[in-house]
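A short worksheet on the structure shown next.
Read the figures in this text as sums done on the coordinates, not as results from a lab. Source: prediction; values computed, not measured. Cβ: placed from backbone, ideal geometry, glycine included. Neighbour counts: every protein chain shown.
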Amino acid sequence: MTMNKCPFSAIQAAGTAACDLAQEVVRKGGSEFDCTDPNARPVCVALSAHLIRVGFDALDLVDDLGVTPKSAYDRAQIGGLQGLNTLLPAPAGDQPLQNLWALTGAVDRRYADILDIPDAPVVEAIRACKPSRRRRQSR
C-alpha cells in the first residue's frame, strides 16, 4: 500500500464517490486512488477512521477485515459522509460524494476536533445506508 492512498479509495474505485484531489492509479490489485495533497490526506484518514469506528459501534461490528465484509466498510464511509453532509450549513445537496475533499475539508473547518462532530446524524445515515450490490452479468 502506498503512503498516498486515499482512505476513500474503495468507494471511489466502485464509482460511488469522487474527489478533486484524487488521482487514479492502477496497481497490481486494480484501480486505486492516491491523494495529491499531502495536507488533505491526514484529514481524510482521520475522518475515515472516525466514520468506521462510529459506524461499527452503531452496527455492532468489529474492525477486522477477516470477519467483517468490505460492504460494511463501504456502508460506514458512504453513510457517514452523507450524515456529515447534513451537519454543514451549506450542504452539497443530493451529491455530497461527488467531491470528497469539498465535504471533508468543510467538516474539518467546522469542527475543531473530530470528537466534536455530533454522532447522531452520522449514525442515522450509516444505519439507513444501503450500498448498491455488484451484480454479476448472466451469460
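Quick notes on this structure:
- Taking each DSSP H run with n ≥ 4 as -39500 (n - 2.57) and averaging over every residue of the chain yields -14000 deg cm²/dmol at 222 nm.
- Relative contact order %, the chain, counting alpha carbon pairs below 8 Å whose residues are six or more apart: 27
- Charge dipole (debye, nearest 20) of region 39-128; +1 at Cβ of Lys and Arg, -1 at Cβ of Asp and Glu: 260
- Per-residue Cβ neighbour rank within 10 angstrom, fewest leading, R41, R75, R127: R127, R41, R75
- Label of the coordinate-derived value, percent of Cα pairs over 25 Å apart, listed as (1) 33; (2) 19; (3) 23: (3)
- Residues D20, D34 in ascending order of nearby Cβ atoms (within 10 Å, fewest first): D20, D34.
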